[in-house]
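Colleague: Below is a structure I'd like to ask you about.
Please treat every number below as a calculation from the coordinates, not as lab data. These figures come from a predicted structure and were not determined experimentally. For neighbour counting, all protein chains shown are included, and Cβ atoms are generated from backbone atoms with ideal geometry for every residue, glycine included.
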Amino acid sequence: MGLTRLRGFQDLIGPDARAASIVEERARAVARRYNLSEIRIPMMERIQLYQHSTGETSDIVTKQMYVVRRSDEGAGTDDMVLRPEGTPSVVRAYIEAGLDRRDPYQRYYYLGPMLRYERPQKGRYRQFNQFGVEIFGRADAASDAELMIMIDDLTHELGLQVRFEINSLGCDEPNCRPAFRAALLEFGRAHLKELCEDCHQRLERNPLRILDCKIDGDRIAEAAPKSLDYLCDECRKHFDDVKQFLSRRAVPFVVKPNLVRGLDYYTRTAFEVVSASVGAQSAIAAGGRYDGLVKELGGAAVPGTGFAIGIERTALALQASESKFDAHPRVALVGLGDQGNLAAMSLAHDLRERDLPVELLPTDRKLKAALTIASRMGAAFIVIIGENEIARGVVQLRDLRASTQREVAQGEVAEAIRKAADALPPD
Ligand code: HAM
């Protein structure tokens, strides 16, 4: 038995972990600015939750769920699932707290790992993190648009170039969806020979699924009827309004009539956010409206809309971009001799209080060894303090990028570092 990590699972170390954290930190900050409240959901749910929401014919439910069983139990209806996505849990929690009836208008965000048994490749993992947003009680087009504007804000802040692909799938009942489903069914039956084995099954149960067939979905979707041609007047107006809001805010979008999404709950608006810099797995975020889901899961008839950002994919895009994030220069500090060490410890504390990232270097080495460590850790500055400096109330401040060194008064070190850092181009 090799004690290696499982296929599709990742260790993120150093800069890779940092890139993911930056995306998460920025996403939380944007959520705060949009006045969303946090919701923390369990890692595991009953299997039925996903069957009734994500969809019994979806790839996630049919092929990708990690089903968990206690070691003393056999298979059965009590099966539990490690969450493959967050939306079903958030809807369940909202209903379970009675909010759908008591106080239906709610706006949430969440952050955490999801698990899907997928074929791993760059940007596609079996465990990945999502930052998700779910809004309940808003049926208007402005709330759909605002979600995309929120993602646009975040990607701008991260310095990423993205494109929004949007579509409308129409409403469930009684208007557009039944006619669209019937047209798809007719199309599918007429093209049965061109559909894969799986799609033969899917067609009768949920004809929409043939449009995201992994084998030939793009070609089928190209030829098949389009939901946009079946929209009722209200759905068409809703979609036109979404587009208008996006145009007004200059969000870069294209209408993609083939976009269906692989999850069953969407109604009206569906969208994906695509980045050119992460290779084949280019969707860094996706979402849409789900007006029937709260009711489907046993709650009141409350509309919902939301999205989720893939943290790892966004981090990959970030690492491929030119954006620089560590605005604070890193500082190495070394004390020489016993008194120097004590003084270095106090000075490190002062600098950290002023928000500078400071690393106190080992004191049992020669100065030369300390300099080597400082440059390996990517420090921009090294501060040296020995008995001589203490006696005179100064430190030696060495700028490692400019290769200069000067004496600075102990109380002015932070200021001197900030000034010198501002004068240098970012690394
Ligand atoms: P989704 O399209 O399945 O939607 O996932 C959203 C995002 O999560 C994707 O665009 C992608 O960035 C990331 N993602 C998905 N699968 C993987 C994977 N295997 N590896 C890495 N990243 C991945 C949902 O999950 C819906 N719950 C979104 C939503 C929220 N709709 C309404 N509210």
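Colleague: For the chain, set up a GNM with springs between Cα atoms under 10 Å and report which of Leu397, Leu169, Leu195 has the largest fluctuation.
Modeller: Leu397
Colleague: Sticking with this structure for a sec: Note down the magnitude of the dipole of segment 1-151 about its Cα centre, charges +1 on Lys and Arg C-beta and -1 on Asp and Glu C-beta and zero elsewhere, to the nearest 20 debye. Write out the running numbers ahead of the final one.
Modeller: On the way: 23 positive and 21 negative charges, 96 e Å.
Here segment 1-151 has a charge dipole of around 460 debye.
Colleague: At a threshold of 8 angstrom on Cα-Cα distance, excluding pairs fewer than six apart, so keeping six or more, what relative contact order does segment 14-80 reach in percent?
Modeller: 27 percent
Colleague: Going by the alpha-carbon gyration tensor, a ≥ b ≥ c the square roots of its eigenvalues, is segment 14-80 rounded (a/c under 1.5) or, if a/c is not under 1.5, prolate (a/b greater than b/c) versus oblate?
Modeller: Because a/c hits 1.5 or more and a/b exceeds b/c, segment 14-80 counts as prolate.
Colleague: Between Val254 and Leu192, what length comes free when the chain is fully extended (0.36 nm per residue of separation minus the Cα-Cα distance, one decimal in nm)?
Modeller: 19.3 nm
Colleague: Only Lys, Arg, Asp and Glu count, each charged at its Cβ (+1, +1, -1, -1), so figure out the dipole size of segment 331-423 about its Cα centre, rounded to 20 debye. Spell out each step's value before the answer.
Modeller: Working: 12 positive and 13 negative charges, 81 e Å.
Taking the Cα centre of segment 331-423 as origin, the dipole is about 380 debye.
Colleague: In debye to the nearest 20, how big a dipole does the chain give about its Cα centre with +1 on each Lys and Arg Cβ and -1 on each Asp and Glu Cβ?
Modeller: On the way: 59 positive and 62 negative charges, 117 e Å.
Dipole magnitude for the chain comes out near 560 debye.
Colleague: Moving on. Grab the other residues whose beta carbon is less than 9 angstrom from that of Phe136, score K and R as +1, D and E as -1, and report the net.
Modeller: My count for the surroundings of Phe136 gives 0.
Colleague: For the chain, find the longest principal axis of its Cα atoms and tell me its angle to the long axis of helix 87-96, 0 to 90°, nearest 10.
Modeller: Helix 87-96 and the main axis of the chain meet at about 80 degrees.
Colleague: On C-alpha positions alone, give me the angle between the axis of helix 176-190 and the longest principal axis of the chain, in degrees, nearest 10.
Modeller: That helix lies at roughly 80 degrees to the long axis.
Colleague: Among Ala369, Pro174, Asn341, which residue has its Cα furthest toward the positive end of the charge dipole of the chain, with +1 on Lys/Arg Cβ and -1 on Asp/Glu Cβ?
Modeller: Result: Ala369, furthest along the dipole toward the positive end.
Colleague: Sticking with this one: Averaging sequence separations of C-alpha pairs under 8 Å and six or more residues apart, then dividing by the length of the chain, give the relative contact order as a whole percent.
Modeller: Reported as a whole number, the value is 16 percent.
Colleague: What base-10 log of the normalised intensity I(q)/I(0) is obtained for segment 331-423 from the Debye formula, alpha carbons as equal point scatterers, at q = 0.19 Å⁻¹?
Modeller: -0.81
Colleague: With a sphere of radius 14 Å drawn around the Cβ of Ser346, what net charge do the other residues whose Cβ falls strictly inside it have (Lys, Arg +1; Asp, Glu -1)?
Modeller: Cβ neighbours under 14 Å give a net charge of -2.
Colleague: Per the Kirkwood treatment, what hydrodynamic radius in Å, one decimal, follows for the chain from the mean inverse distance over all distinct Cα pairs?
Modeller: On the way: mean 1/r = 0.0404 Å⁻¹.
So the Kirkwood estimate lands at 24.8 Å.
Colleague: Name the residue from Leu185, Gln64, Tyr94 whose Cα lies farthest towards the positive end of the charge dipole of the chain, charges +1 on Cβ of Lys and Arg and -1 on Cβ of Asp and Glu.
Modeller: Working it through, the farthest residue towards the positive pole turns out to be Gln64.
Colleague: Of the listed peptides 375-388, 129-142, what is their order by residue-averaged count of other C-beta atoms within 10 Å, with the highest listed first? Let's see the in-between values first.
Modeller: Values: 375-388: 18.6, 129-142: 21.1.
Taking the mean over residues of other Cβ atoms within 10 Å, the ranking is 129-142, 375-388.
Colleague: Further, regarding this structure: How many angstrom lie between the Cα centre of segment 1-50 and the Cα centre of segment 247-276?
Modeller: Between the Cα centre of segment 1-50 and that of segment 247-276, the gap is 23 Å.
Colleague: On a 0 to 90° scale, report how tilted helix 141-157 is relative to the longest principal axis of the chain, with both axes built from alpha carbons and the result rounded to the nearest 10.
Modeller: On a 0 to 90 degree scale, this one is about 30.
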